[in-house]
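Worksheet: one structure, shown below.
Every number here is computed from the coordinates shown, using simple stated rules; none is lab data. Small disclaimer: the values here were computed from a predicted structure and weren't measured.
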């Protein structure tokens, strides 16, 4: 069934689990597709794939898939011809697929010799719809948790008071939230077991350190040291946190982080 959704040709909703969040470097470990036809019928399929690279612990912590789980699974090129044909006549749908799933799938297809493109397709990104319906601004949060409009938005005084009131409203609405400062601080921190620094500018991808921001996102620290050391010198000279600058500075003299052996591997 399609509910109120009106479609004139098949639409394939899909989701990808991967070794990481950098389409230029990471690989798919699982792909699920729900193909919806104009008559309301559905076809559902899911395949696990051997990514041909180690699955970092941080990725396993998200999707629960380990190296052992996919050791005997096919590689993407094995399923590429059939999957390409399966998606050929479809529009596309997914959650945050425009910035992640589509680029990841496009690259996998390219490496397998197929030119997958969104040209001629309609792409529905449910995440973008969610963000437009429920904007993540302070004014929107104030309206949702406090039930009134924020007067004087973007003025420092009004925004500061509103932030406190939003927090108190969150605590009232969500009994599962901790009420002591230490626990709330922990809850509000987005942790990443693969991060090397507090701002997650550098992170582990397998046993390699990669850049996690800007135009060089996905490039390894060692490769940058050899081919683009100016980027690392720029980090050292500018106003980055000390731990970020230290990683770049050490790399410039050939000193690279080593992943500790006691870190559980996927």
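Shown here: region 1-90, whose C-alpha atoms stretch 41, 26, 23 Å along the first, second and third principal axes, sorted largest to smallest. What the Cα atoms of region 33-192 give is an Rg and a Dmax of 22.0, 59 Å.
Only helical runs count toward this figure. For the chain, summing -39,500 (n - 2.57) over DSSP H runs of n ≥ 4 and dividing by all residues gives -11000 deg cm²/dmol at 222 nm. With the alpha-carbon atoms of region 171-266 aligned to their principal axes, the span from lowest to highest coordinate is 53, 33, 21 Å, starting with the largest.
Shape summary: region 154-216 maps onto an equivalent ellipsoid whose semi-axes, from the alpha-carbon gyration tensor, are 33, 18, 8 Å in decreasing order.
Relative intensity of region 59-154 on a log10 scale, I(q)/I(0) at q = 0.14, 0.23 Å⁻¹, equals -0.74, -1.21, per a Debye sum over C-alpha point scatterers of equal strength in the absence of solvent. Over region 138-188, the ratio between the Cα radius of gyration and 2.2 N^0.38 Å evaluates to 1.19. Pairwise Cα separations in region 98-192 fall into 5 Å bins from 0 onward with the following percentages, short to long: 2, 10, 13, 14, 14, 12, 9, 8, 8, 7, 3, 0.
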